[in-house]
Amino acid sequence: MGRLANPLLVFSLAGLLLAGSPSKAPSAAGPPGQPVPNLEPLAIVVNQANAVDSLSMADLRRIFLGERGHWPNGRRITLVMLDPGWPERAVVLSDIYHMDETEFKNHFLHGLFTGEVFVSPKTLSTPEGVRKFIFNVPGAIGYLRASDVDKSVKVIRIDERLPGDKGYKLQVPSRENK
Amino acid sequence: MGREKASRERKSVPGTSTSAAQTWAGLSRYSSALLLFFIFCAVTVVGLFAIGDLRKAGIDQQNMYAGLVLSLHRIAALEYQTQETRRSTLYALSTTDSNLHVKYADQSREADHAVSAGITEYLANARTPNEINIGKRLERDWSTYLSVRDEVLASILEGSTKEAVDRDLGEGVQSFDRVRQDLAEVERIYDQQASQQLANVDATSRRTIIRVAAVLAITLIATIASVWTIQKIKMTGAIQLAKLQMEFVASVSHELRTPLAVISSAADNIADGLVQSKDALKIYGDTIQRQSRHMTELVDEVLIFAATKDRKSHFVSHTVDVPEILHSVLRQTPELATASGFHVELEIEPGLPPVKGDSSALARCFQNMIVNAIKYSGKSRWIGVKAFLGHAQVQGQREIQIAVRDRGIGIAKSELSHIFEPFYRSPAVVAEQIHGTGLGLSLSKNIAEAMGGYFSVISELGAGSVFTLHLPVAEDPKSQMPLEVRVDGSTEK
């Protein structure tokens, strides 16, 4: 994998440079002079049957990048994303992937082609679809606003913090801002 | 009165004192109404039976149809939802769109919830061990299939279509077939239950028909029997009345012929000049006069009876002093005057309160009692007349009782129920050639009842009789306002 990974990484970086556009992901702290929007925690959710309760941000990133294919129990990891345009997706791209949409697409195209990426993300059009998908697939992992979470899915800790805990990094602009 | 204890008593109380024959006569008078009432009751009873049975049969049928429809609905819903569960899962295989995957998974889960609810309902309604066993087996097999279905769905949603197909073909098809077999078994049980219920309804229907037919037959027989009985009573009554009337005509004719013969003979003797002397003429005149009075009284009695029977007679009611009337009657009764050596023992309680009634009617009543006692006193030639204050049957009321006793031939037990019937004359007195019309006691009873009183009789064959007239004491003795009393007992001022 090491031999293949380096050229691909270079390719990806080149693509990123060629795209030339900075990430449009919303930031927790807005531009200077503008009012700070209300934020809401973005929960990372898995199937209720999943034994994993906590992940480090690094592990989470590896999972989201598709670099980790299975859970500790051997179950295949299925990554669930929302369609482009959702603020939740933008937060995930900026705070987990550190990529924009193009980089994200290129990452997976390249990764799947080279075999570096084991998981192709499933894209759903609504948070409800995400929730139901995760409910149906034992190895699924995705993200939802804290207000969209219900008992059908399990919220896991990121760096030992739950959504709402102080220092929890993943925050999405609240719907009230609209 | 010690003798009275041993004797038989028969009371003639208004409304309740009628003899059995009178009761039957009364019944026969209302036979049509009774018959209609009886038929109405019979039809009502039959109708209630029939309605009850039909209602039960209807309820059974309703239950059967409702149960059948519900069972069919349950099994149809279960079959549909099981198919829907599987169908939605398989639909998910036909697309790569994750949104559609989720949609089909949702549909499948909704359907499987419906199936689970249906199975729970089936188990809740299961009664027989067989039903419960099959229900539990279905529940178990369905759970097994769902676990396979969940894995298949997960594989589809993960994008592992081949894995999903392999799992479905390997485990899903078999487990789903077991579910279908269980459902077929449930359906078979429903069919059996429906057949059983149909048989029950059929049996209930047959039983209803038999019951209704039986009850109708019984009603018909009872109706025929009642009609026959009433007709027989009416016919017997009519024959008896005709016989009594014939006897009455014969008796009256005989009673009239005797004085007529005396009068005719006396008149012939006078006309033929056989009676010359003044004394002889006076004797003949007295004889004619006495016989004429006798005839007049006889005719009066018949006319009064006829009037009371037609309810045309009206009595004028005053407060009446019973001792005074008794004394008057004893003075004026010709039978006493002519019956030499007859001893009348009169005992009147001092201070008797007055009664309310028609004095002349009461006098006739007393006279009938006394004349009867004289006629049937036999060789004893003794009668006792007693008037005293007694307690009425109605609590708190007082009555005056006028008892006339004789030590004569007495009345047979079998005769007691007939002596107050009009025209009735005992075969014994007919045989003894004791004259009478058979109207005296009937007329007396009518008068007594018109005055609010009644008769009681104590008699022993060969020992004598006591006829007692019970008259209620006038509530307000000072009241002299006349009341018009009809013989049916009603009054008007």
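Stretching B:Ala66 away from B:Arg206 to a fully extended chain increases their span by 48.3 nm, per 0.36 nm per residue minus the current alpha-carbon distance. Computed from phi, the 3J(HN,Hα) profile of the range A:153-162 under the Karplus parametrisation 6.51, -1.76, 1.60 (θ = phi - 60°) reads 10, 10, 8, 10, 7, 10, 6, 6, 10, 9 Hz, with x in place of Gly and Pro.
A simple packing score, the average count of other Cβ atoms within 10 Å per residue, orders the peptides A:65-71, B:46-52, A:116-122 as A:116-122, A:65-71, B:46-52, with the highest score first. Close amide H contacts of A:Arg145 (hydrogens built in the peptide plane, cut-off under 5 Å, sequence separation of 5 or more or a different chain): A:Ala43. Of all aspartates and glutamates in the structure, the ones whose alpha carbon falls short of 17 Å from that of B:Lys243, not counting any fewer than 8 places away in one chain, are B:Glu415, B:Glu421. The distance between label points at B:Asp279 and B:Val316 comes to 4.5 nm (points 7 Å beyond Cα on the Cα→Cβ vector). Shielding value for B:205-214 is 0, the average number of Cβ atoms from other chains within 10 Å of each residue's Cβ.
For B:Lys282, the aspartates and glutamates whose Cα falls under 20 Å of its own Cα, not counting residues fewer than eight places away in the same chain, are B:Asp268, B:Asp272.
Neighbouring Cβ atoms from other chains, within 10 Å of the Cβ of residues in A:129-139, number 6 on average. Estimated from helices alone, the mean residue ellipticity of chain B at 222 nm is -23500 deg cm²/dmol (sum of -39500 (n - 2.57) over DSSP H runs with n ≥ 4, per residue). What whole-number distance in Å separates the alpha-carbon centres of the range A:136-178 and the range B:286-300? So the separation of the two Cα centres works out to 136 Å. Beyond 20 Å in Cα-Cα separation lie the following of the pairs B:Lys356/B:Lys445; B:Lys375/B:Lys445; A:Lys132/B:Lys103; B:Lys103/B:Lys136: B:Lys103/B:Lys136. For chain B, which span is the longest to avoid every loop-located (per DSSP) member of GluC sites (Glu not before Pro) having at most 14 other Cβ atoms inside 10 Å? Segment B:1-431 is the longest. Rounded to the nearest 20 debye, the dipole size of the range B:34-216 about its Cα centre is 1040 debye, using +1 on the Cβ of Lys and Arg and -1 on the Cβ of Asp and Glu.
Computed extension length for B:Asn125-B:Thr144: 4.6 nm, one decimal, from 0.36 nm per residue of separation with the Cα-Cα distance subtracted.
Shielding of peptide B:361-369 by partners, expressed as the average count of other chain Cβ atoms within 10 Å per residue Cβ, is 0. Enumerate the aspartates and glutamates that A:Lys122 could reach by cross-link, defined here as Cα to Cα under 12 Å, with residues fewer than 8 away along the same chain left out. Reachable aspartates and glutamates: A:Asp83, B:Asp97, B:Glu158. Between the beta carbons of B:Ala222 and B:Glu247, assuming R0 = 35 Å, the FRET efficiency works out to 0.45 to the nearest 0.05. Scanning residues 5 or more positions from A:Arg161 or on other chains, none has an amide H under 5 Å from its amide H, with H placed 1.01 Å from N in the peptide plane. Using θ = phi - 60° in the Karplus curve 6.51 cos²θ - 1.76 cosθ + 1.60, the 3J(HN,Hα) couplings for the range B:367-378 round to 4, 4, 4, 5, 4, 4, 4, 5, 5, 9, 7, x Hz; x is entered for Gly and Pro.
All of the numbers you see were taken from the coordinates with simple rules; none came from a lab. The structure presented is a predicted model; accordingly, all values stated were derived computationally and were not measured. Note that each Cβ is placed from the backbone with ideal geometry, even for glycine, and that neighbours are counted across all protein chains shown.
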